[in-house]
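The values are calculated or read from the model by the stated rules, or taken from the named source; none is laboratory data. Just so you know, these numbers come straight off a predicted model, no measurement behind them. Every residue, glycine among them, receives a Cβ derived from its backbone with ideal geometry; neighbour counts consider all protein chains shown. Calculation scope for accessible area: heavy atoms of the full protein, side chains included, ligands and nucleic acids excluded. Shrake-Rupley method; radii C 1.70, N 1.55, O 1.52, S 1.80 Å.
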Amino acid sequence: MSLPVLVFSLIAMYPVKIWRMPITLAQVEEARRNIAPVIVRTPLVRCTNEAVDNLYLKLESLQPIGSFKIRGAANVMARTPHEKLQRGVLTASAGNMAQGVAFCARRINVLATIIAPDTAPANKIQAVERMGGRVIKVPFAEWWRTFETRSYPGIDATFIHAFDDPDVMAGNGTIALELLEDLPDLDAVIIPWGGGGLSCGIAAVLRILAPQVRIYAAEVETAAPLTASLAAGEPRTVDYKPSFVDGIGSKTVFPNMFEHARKLLNGSLVVTLEEAAQAMKLAAERNRVIVEGASACAVAAALSGHAGSGKVVAIVSGGNIDLDKFTQLIGRA
């Protein structure tokens, strides 16, 4: 038997799943054009501090909905046929993707239905309702199943996945294009890990255009499934404890997103709730910026120094935190 025939026979007997980049550069460039009428090009600012030199904050908290989620939502809806959108749109979200979908749905006059966990903060739910979105609150486990089934009983609408969708990741990947334009010699990027759509979207672009950049996810100690999964080499389930860090954190990692993460990221950095609160206070004091818990985890991870030296960017993914809670946290930090 010749070698090519032998190789083909072995592949047929033992099929190997070939990993591919979740998105292409062409998809991201198209996404940039699609979302231009909806988003703002957010600034990259220097954050002076005593812990690390050359820390920069990418302020996605300044988007119209106060979060990066508008990028993915806008791109999905721009690429979805109008007749499908007329049925309405459906997503599962703890708050920020819900706002992104509701904001974009209102622009084209379609109904947005949001499946939210019963732990979702009231201020985020109220923001969705102000935009005309319909919110259905369910137990956490039922909410998580919605991500898996991509549907909800009794609702016939176009489902928009918050993270496991190439169009969502392409929209998020536009952040990387802006980073490289504003800071072409950046050394490391730290990104809050929720479901992985932000981390993998940004990382895919950087691996193509700037493969030398170190890329880390940021998680909180009360819910760090990616860290546990990377250590085990496969998706793992962890204990989940609700906290003020509500924009990220879950019990497990989607297998598809895990495969992307293990190929694209240099690792995951876990911070404590206290460190996140201290990062909130620092950003408020030094940059006059309000960051929510998820964003604070990226800033805290950068301040730890574990991302290495050089020019380090923390993605401030959102600023949608209840102001009373915010003042309590920074007052105690």
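What is the Cα centroid distance between the stretch 99-133 and the stretch 14-62, reported in whole angstrom?
What the calculation gives is 23 Å, centre to centre.
For the stretch 151-246, give the percent of accessible area contributed by carbon and sulfur heavy atoms, probe 1.4 Å, rounded to a whole number. Walk me through the numbers on the way to the answer.
Details: 1510 of 3100 Å².
Exposed carbon and sulfur together represent 49 percent of the surface.
According to a simple spin-label model (label point 7 Å from Cα along Cα-to-Cβ), what is the distance in nm between K84 and R130?
3.1 nm
Given the Cα-Cα distance of R150 and N256 and 0.36 nm per residue of separation, how much length would full extension add, in nm?
Numbers: separation 106, 0.36 × 106 = 38.16 nm, distance 1.45 nm.
This chain segment gains 36.7 nm when fully extended.
With every protein chain present, what is the per residue accessible area of the chain (1.4 Å probe, Å²)? Write down the numbers at each step before the final one.
On the way: 14140 Å² over 333 residues.
Here the residues of the chain average 42 Å² of exposed surface.
When the helix-only estimate is applied to the chain (DSSP H runs of n ≥ 4, each -39,500 (n - 2.57), divided by the residue count), what is the mean residue ellipticity at 222 nm, nearest 500 deg cm²/dmol?
On the way: 14 runs with 152 residues, N = 333.
The helix-only estimate for the chain comes to -14000 deg cm²/dmol at 222 nm.
Spin-label point model (7 Å from Cα, Cβ direction): what's the I18 to D239 distance in nm?
So the label points at I18 and D239 sit 4.4 nm apart.
Relative contact order for the stretch 30-186: what is it in percent, counting Cα pairs under 8 Å that are at least 6 residues apart? Working shown, then result.
Details: 257 pairs, mean separation 38.5, N = 157.
With pairs under 8 Å counted, the relative contact order is 25 percent.
Suppose we keep just the DSSP beta bridges with both residues in the chain; what percent of those would be antiparallel, to 5? Can you show the working numbers first?
Numbers: 7 of 36 bridges.
Taking every DSSP beta bridge with both residues in the chain, the antiparallel ones total about 20 percent.
Under a crude label model (7 Å from the Cα following the beta-carbon direction), how far is K325 from F140 in nanometres?
1.4 nm
Give a residue-ordered list of calculated ³J(HN,Hα) values for the stretch 126-133 (Karplus: 6.51 cos²θ - 1.76 cosθ + 1.60, θ = phi - 60°; whole Hz; x for Gly, Pro).
Residue by residue, the stretch 126-133 yields 4, 5, 4, 5, 5, 8, x, x Hz.
Under the definition of Cα pairs under 8 Å and six or more residues apart, what whole-number percent is the relative contact order of the chain?
On the way: 698 pairs, mean separation 68.7, N = 333.
About 21 percent, as a whole number.
What percent does the relative contact order of the stretch 263-333 come to when contacts are Cα pairs within less than 8 Å and at least six residues apart? Please report the intermediate quantities before stating the final value.
Working: 70 pairs, mean separation 24.7, N = 71.
That works out to 35 percent.
Roughly to the nearest percent, how much of the accessible area of the stretch 21-140 is carbon and sulfur, given a 1.4 Å probe?
On the way: 2460 of 4960 Å².
Of the solvent-accessible surface of the stretch 21-140, carbon and sulfur hold 50 percent.
What is the dipole size for the chain, taken about its Cα centre, with +1 at each Lys and Arg Cβ and -1 at each Asp and Glu Cβ, in debye to the nearest 20? Spell out each step's value before the answer.
Working: 33 positive and 31 negative charges, 120 e Å.
Charge dipole of the chain: 580 debye, to the nearest 20.
Which ³J(HN,Hα) values in Hz, rounded to whole numbers, follow from the phi angles of the stretch 246-251 under the Karplus curve 6.51 cos²θ - 1.76 cosθ + 1.60, where θ = phi - 60° and Gly and Pro get x?
9, x, 9, x, 7, 8
Classify the stretch 189-315: rounded, prolate or oblate, from the alpha-carbon gyration tensor (a ≥ b ≥ c, eigenvalue square roots; a/c under 1.5 rounded; otherwise prolate if a/b is larger than b/c)? Don't skip to the answer; put the middle values down first.
Values: a/c = 1.95, a/b = 1.15, b/c = 1.69.
Since a/c reaches 1.5 but b/c is at least a/b, the shape of the stretch 189-315 is classed as oblate.
Would you mind getting me the FRET efficiency between T119 and Q212? Use the beta-carbon distance for r and R0 = 41 Å, nearest 0.05. Spell out each step's value before the answer.
On the way: r = 39 Å, r/R0 = 0.95.
For T119 and Q212, the calculated efficiency is 0.55.
Determine the alpha carbon to alpha carbon distance for each of K124/K311; K137/K325; K263/K311 and list only those over 29 Å. Before the final figure, lay out the partial values.
Working: K124/K311 33 Å; K137/K325 21 Å; K263/K311 23 Å.
Listed pairs above 29 Å: K124/K311.
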